[in-house]
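The values are calculated or read from the model by the stated rules, or taken from the named source; none is laboratory data. The structure presented is a predicted model; accordingly, all values stated were derived computationally and were not measured. Counting neighbours? That spans all protein chains shown, and the Cβs are built from the backbone with ideal geometry, glycine included.
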Amino acid sequence: MRILTACIGHETNTFASTPTTLEDFRRGSPTPEFGGGAAILHHFRGTRTVHGGYIAGAEKHGFNLEPLMHTFATPGGTVPQNAYDSLKGLLLERLKAAGQCDGILLDLHGAMVTEAIEDAEGDLLAAVRAIVGSDVPLIVTLDFHANVTAQMAQHADVIIGFDEYPHTDMFERGMEAVEVLAAMQRGTLRPTLAYHQLPLLTMPPKQCTLIEPMRSLLAKAHAIESERGVINVTLAMGFPFADIRNAGVSVLVTTNDDAELARRKAAAMAEAIWEKREAFHVTLTPVAEVIEYARTQARGLVVLADGSDNPGGGAPCDGTVILREFLEKDVQDAVVAVIADPQAVAAAVAAGVGNTVTLDLGGKTDHRHGAPVRLTAHVKLVSDGTFTLRGAMGGGARACMGRTAVLVVGGVEIVVTERRIQPYDVALLRSVGIEPTQRRLIALKSAVHFRSTYQDLAERIFDADTPGVHRPDFRCYEYRRLRRPVYPLEGT
Ligand SMILES: [Zn+2]
């Protein structure tokens, strides 16, 4: 059985000021010039990623996988049209050249926006379908934050979204995609997909499936999934930092050849989410309060999530608001991870380990994440910034921060990187000699994913009240293209 795979992934924050270029996609590919084939299999085999799941599933069923390309750019601003057109052109060209195949597995995010296309994945799926025709099974895996559209649902045979946020089930969803394909090949499955969009936007901290209301809603989804005839239930909670018509929550239900059952179950699931809409309200805590808590009450590690500057949602990752407050209040045993600032890294490298350096740190991308902080720091460590993820989210995969320096000012260690990277895995801090369990207060540029490895280490977790293009606060964004009405913008 000959199965083609591909990944063109991006989560587009249309409120971010920096566009996501073809160069960013190049950096997000493990191969030069977006090469496919065995190099992709080699790179992802044994990792807790979607492609890792495809590979394990294919090996189980004896399928022959042929990756056409794989690129996932770090979330950021809108994708220039020519960058998207190049990637799409490359994929379609290789798809045509590949000729006959028995199935296609597409590993997409579901929230990519280009200059001209709000629904890039819908556009891509339509183009793929036009080439391969209606008989070739086309199974799509999407991120939990996909802004799913009717166009995506129309062109895919089955859409399988991540269940979990933090995304700790990417491998399992990749495996599931192969299982679905195998059942279609055996002739025991004729998938029917129902798509149900809600008039609802939700924000990351409360989209987390480790806490309510999502924990109960996911349990309900799994209960429906176990019913006779139901193949998959996907809760796509959407990416709210995109001003597009179809941003927000949708439900997808796939059944075995029973359109009415799929429609009914999707409606029931949507109703259950809608009933909980008020429970998605987010509470943010001022940084000063968290510092005070860590100083006077905490008996263990306190984690401060700077979700507003989360590079995993397209923010610059060079915000300085928390750092400034840590320094002004002379906080001890504290870490700020990370601040992406290539100029500062260059200055630290030039100064050398063991020496001091004076520089302006962070706040260089725009004016929405705090101003640069002038400081004189001790250069504690310099590294090449590569490490292996160890947690359930992407575990086994290599990560690269670019050259990295650990700067120390008073009681604060600052991890400064060349690249924007979300520090969700404790392996990142350990790779630069910082043991999280031996610190009192750690600020992370992450909204929820950090819980995949920090949840059990932290005595208390706070969502920081900081500014930024990923701030979970609807009052900060002006939506012009979004369909209306949508809760909570229009109340109940
Ligand atoms: Zn996501």
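Observations on the structure shown:
- Which listed residue is surrounded by fewer than 19 Cβ atoms within 10 Å (Cβ to Cβ), among the hydrophobic types (A, V, I, L, M, F, W, C) and within 16 Å of the ligand (Cβ to nearest atom), from LEU218, LEU252: LEU218
- Of the residues making up the stretch 429-467, those that are over 19 Å from VAL282 (Cβ atoms) and either away from the ligand (no atom under 16 Å from the Cβ) or in contact with a helix residue (DSSP H, G or I) (Cβ under 7 Å, 6 or more places away or on another chain) (or both) number 18.
- Residues of the stretch 81-98 that turn out to be in contact (Cβ under 8 Å) with a residue 40 or more places away in the chain, in contact with a strand residue (DSSP E or B) (Cβ under 7 Å, 6 or more places away or on another chain) and not charged (D, E, K, R), as a count: 5
- Residue within the stretch 95-107 that is under 22 Å from the mean Cα position of the chain (by Cα), away from the ligand (no atom under 16 Å from the Cβ) and closer than 24 Å to PRO240 by Cα present: yes
- Yes/no for ASN256 being within 30 Å of GLY28 (Cα to Cα) and of a type outside the set (Val, Ile, Thr): no
- Qualifying residue in the stretch 199-208 (condition: surrounded by fewer than 21 Cβ atoms within 10 Å (Cβ to Cβ), away from the ligand (no atom under 16 Å from the Cβ), assigned to a helix (DSSP H, G or I) and modelled with pLDDT of 95 or more): no
- Residues of the stretch 420-455 satisfying the condition of being small (Gly, Ala, Ser) and either at pLDDT below 95 or within 23 Å of LYS329 (Cβ to Cβ) (or both): ALA443, SER446
- The lone exception for ALA16 - which of (1) in a strand (DSSP E or B); (2) crowded, with 22+ Cβ neighbours inside 10 Å it fails: (1)
- Filter result (within 13 Å of the ligand (Cβ to nearest atom) and either surrounded by fewer than 21 Cβ atoms within 10 Å (Cβ to Cβ) or of a type outside the set (A, V, I, L, M, F, W, C) (or both)) within the stretch 128-146: THR141, ASP143, HIS145
- Candidate set: the stretch 228-242, residues that are touching a Ser or Thr at 6+ places or on another chain (Cβ under 9 Å) and in a loop (DSSP other than H, G, I, E, B); chosen: the one farthest from the ligand (Cβ to nearest atom): GLY229
- Summed over the stretch 281-315, the residues that are within 16 Å of the ligand (Cβ to nearest atom) and not aliphatic (A, V, I, L, M) give a count of 6.
- When the residues of the stretch 53-90 are filtered to those that are polar (S, T, N, Q) and in a strand (DSSP E or B), the one that is farthest from ASP24 (Cα to Cα) is ASN64.
- Hits in the stretch 147-181 - residues which are within 16 Å of the ligand (Cβ to nearest atom), in contact with a strand residue (DSSP E or B) (Cβ under 6 Å, 6 or more places away or on another chain) and among the β-branched types (Val, Ile, Thr): VAL148, ILE159, ILE160
- Unmet requirement for ASP24, which otherwise passes all of (1) surrounded by fewer than 24 Cβ atoms within 10 Å (Cβ to Cβ); (2) in contact (Cβ under 8 Å) with a residue 60 or more places away in the chain: (2)
- Strands (runs of 3 or more DSSP E) wholly inside the stretch 354-465 containing at least 1 residues that are touching a residue at least 40 places away in the same chain (Cβ under 8 Å): 356-361, 373-383, 386-388, 404-409, 412-417, 441-444, 458-463
- Output for the stretch 245-304, where each listed residue is in contact with a Leu (Cβ under 8 Å, 6 or more places away or on another chain), aliphatic (A, V, I, L, M) and within 30 Å of HIS222 (Cα to Cα): ALA247, VAL249, VAL251, LEU252, VAL253, ALA262, ALA266, MET269, ALA270, ALA272, ILE273
- Lone unmet requirement of (1) more than 30 Å from GLY238 (Cβ to Cβ); (2) out of contact with any strand residue (DSSP E or B) (no Cβ under 7 Å at 6 or more places or on another chain); (3) outside any loop (DSSP other than H, G, I, E, B) for ARG324: (2)
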